[in-house]
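The values are calculated or read from the model by the stated rules, or taken from the named source; none is laboratory data. Being a predicted model, the structure only gives us computed values, none of them experimental. Cβ placement follows ideal geometry from the backbone for every residue including glycine, while neighbour counts extend to all protein chains displayed. Each accessible area value is taken on the protein alone, full model and side chains, heavy atoms only, with ligands, DNA and RNA left out. Shrake-Rupley method; radii C 1.70, N 1.55, O 1.52, S 1.80 Å.
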Amino acid sequence: MSDSHEVPEDGRTPGIEPRFLTLEDVAGYLNVSVPQVYSLVRSRELPAVKIGGRGVWRVDREQLDAYIKRLHEETDEWARDHPLNPRG
């Protein structure tokens, strides 16, 4: 029989979305590799923090949302500047 106070293996509280995501979580969310996310973090393109004595990288969900919004804006601007059919 399961104890209702057991903590899941991943340490997360069921039903509560974490504010800080692992690089693995971000990679899954963006459908890219973990090394790609690490590169984004190390280049400071995607803001992140190091937490704890071992310096584990975490990305704030709000920063990830802002990053995605910037990508949408940059892509929209690029598409406007590079029309599909310039003779149009």
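Annotation: extensible slack from His82 through Leu30 equals 16.3 nm (criterion: 0.36 nm per residue apart, minus Cα-Cα distance).
List the relative contact order of region 9-77 as a percent without decimals, with contacts defined as Cα pairs under 8 Å and 6+ residues apart. That works out to 29 percent. Protein heavy-atom surface of region 17-68, 1.4 angstrom probe: 49% of the accessible area is carbon and sulfur, with nucleic acids and ligands not counted. Less than 16 Å from a label point 7 Å out along the Cα-to-Cβ axis of Glu74: which backbone N atoms in region 37-56 qualify, by residue? Of the residues in region 37-56, 37-48 have backbone N under 16 Å from the label point off Glu74.
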